[in-house]
């Protein structure tokens, strides 16, 4: 990887990389019973679990603080994933808080196949607890403090998403 390409890496999950900064945030914060976890497997981050709609639940997510400021020249997020055919959301936050406004970009996975997704910053939508936020500031790479993925597709079933890396482009 060239020096400039390495500068674009936000997270790689290779051997020796820690997942200790990744936190689980599921619908249990509001009484739901969805379950999820992250683990490392041969240089890949696995985000797995079971989505449940019981008790008005229906989401599972993981997120981490970004380890450094992103380049002001970045146009978007670039991820390499292998999914289960379900639709996920890539989420970013511009603060260090547990709850509040986040910006989302939906992406679909292909069951059992590695896919790469380029997610342009200007197409992320501001949301708060799943609802659109009017008047939110436009997303700037310099303000991004947290990144993560969320599943909320209303399908009660086990899920599996593998992440190879997260970069900017």
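Simple spin-label estimate for residue 29 and residue 110 gives 3.3 nm between the two label positions (7 Å along the Cα-to-Cβ direction from each Cα). The label-point distance for residue 42 and residue 87, in a model that sets each label 7 Å from Cα toward Cβ, rounds to 3.1 nm.
Given an 8 Å cut-off on Cα distances and at least 6 residues of separation, report the relative contact order of region 36-111 as a percent. Walk me through the numbers before you get to the answer.
Working: 73 pairs, mean separation 16.6, N = 76.
Dividing the mean separation by the residue count of region 36-111 yields 22 percent.
Normalising the Debye intensity of region 100-156 to I(0), with uniform scatterers on Cα atoms only, and taking log10 at q = 0.13, 0.22, 0.26, 0.28 Å⁻¹ returns -0.41, -1.03, -1.27, -1.37.
Taking all Cα pairs closer than 8 Å and separated by 6 or more residues, the relative contact order of the chain comes to 32 percent. Averaging the Cα positions of each part gives two centres, and for region 24-67 and region 97-169 these lie 14 Å apart. When the helices of the chain are scored as -39500 (n - 2.57) per DSSP H run of n ≥ 4 and the total is divided over every residue, the value at 222 nm lands at -500 deg cm²/dmol. Distance between the 7 Å Cα→Cβ label points at residue 128 and residue 154: 2.4 nm.
Estimated at 0.36 nm per residue, the fully extended path between residue 7 and residue 75 surpasses their Cα-Cα distance by 23.1 nm. Here the Kirkwood formula puts the hydrodynamic radius of region 35-169 at 15.3 Å, using every distinct Cα pair.
Read-outs throughout are calculated quantities, based only on the coordinates presented, and are distinct from any laboratory measurement. The shown structure was predicted, so the numbers you read here are calculated from the model rather than taken from an experiment. Cβ sites come from the backbone with ideal geometry, for glycine too, and all protein chains shown count toward neighbours.
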